Amino acid sequence: MTIKWTDDLNTGIDVIDKQHMRIVDYINDLENAHQKQDKETIGRVLDDLVDYTLSHFAFEESLQEEAGYKYCKPHKKVHELFVRRVNEYLERFKLGDDVTAEIHKLLSSWLINHIKRDDADYVAAVKANMLGIISEKEKKEDVGWFKRFFK
């Protein structure tokens, strides 16, 4: 079953929402490849999905750190545990097991729950930081979140 993006999945942080939408696209690509029994495409989509998700996690975590989000470390731990779990499925896939339905179910339910619960919790801190609620020193230097992120 494909995932349909709905407004309740929006965090209100455009860059994060677009990344989440791309992850949904990958999950749907995985489902399409599974329906066609295309193992080569399944493998490629899984690799791309993992690479993209890792970069998304790193970006999301950096925004949280930059914003001083107090639960940044536990959030990162949730990401690490999820990556470990997905890697276990990838290893099974590489050994020839048909794990596509299982991993699709995991990815679909985990992503939606993660966005609605874990990600929703950091939104206020990150949005405040992105809107420029920053230190007096940074206000004097007129440094926005984007410039601070890419220091």
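The values are calculated or read from the model by the stated rules, or taken from the named source; none is laboratory data. Just so you know, these numbers come straight off a predicted model, no measurement behind them. Please note: Cβ atoms are built from the backbone with ideal geometry, for glycine as well, and neighbour counts cover all protein chains shown.
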| task | Taking Q19 as meeting all but one of (1) over 13 Å from the mean Cα position of the chain (by Cα); (2) surrounded by 13 or more Cβ atoms within 10 Å (Cβ to Cβ); (3) under 17 Å from W110 (Cα atoms), write down the number of the exception. | result | (1)
| request: Kindly check whether there is at least one residue in region 100-115 that is part of a loop (DSSP other than H, G, I, E, B) and within 15 Å of I13 (Cα to Cα). | output: no
| task | Any chance you could count how many residues in region 38-87 are over 15 Å from the mean Cα position of the chain (by Cα), among the hydroxyl-bearing types (S, T, Y) and assigned to a helix (DSSP H, G or I)? | result | 1
| said: Of the conditions (1) modelled with pLDDT of 90 or more; (2) in a helix (DSSP H, G or I); (3) more than 18 Å from the chain's Cα centre (by Cα); (4) farther than 25 Å from W5 by Cα, L90 satisfies every one except a single condition; which number is it? | reply: (3)
| remark: When L107 is run through (1) over 16 Å from E65 (Cα atoms); (2) modelled with pLDDT under 55; (3) of a type outside the set (V, I, T); (4) surrounded by 14 or more Cβ atoms within 10 Å (Cβ to Cβ), the failure sits at (2)
| Looking only at residues in region 93-104 that are of a type outside the set (A, V, I, L, M, F, W, C) and loosely packed, with under 12 Cβ neighbours inside 10 Å, which one is nearest to F57 (Cα to Cα)? | K94
| message | Taking the conditions exactly as written (in a helix (DSSP H, G or I) and either among the β-branched types (V, I, T) or under 18 Å from T2 (Cβ atoms) (or both)), does E31 satisfy them or not? | response | yes
| query | Within region 92-119, can you find the residues that are of a type in the set (A, V, I, L, M, F, W, C), free of Cβ contacts under 8 Å to residues at least 60 places away in the same chain and out of contact with any Lys or Arg (no Cβ under 6 Å at 6 or more places or on another chain)? | reply | F93, L95, L106, W110
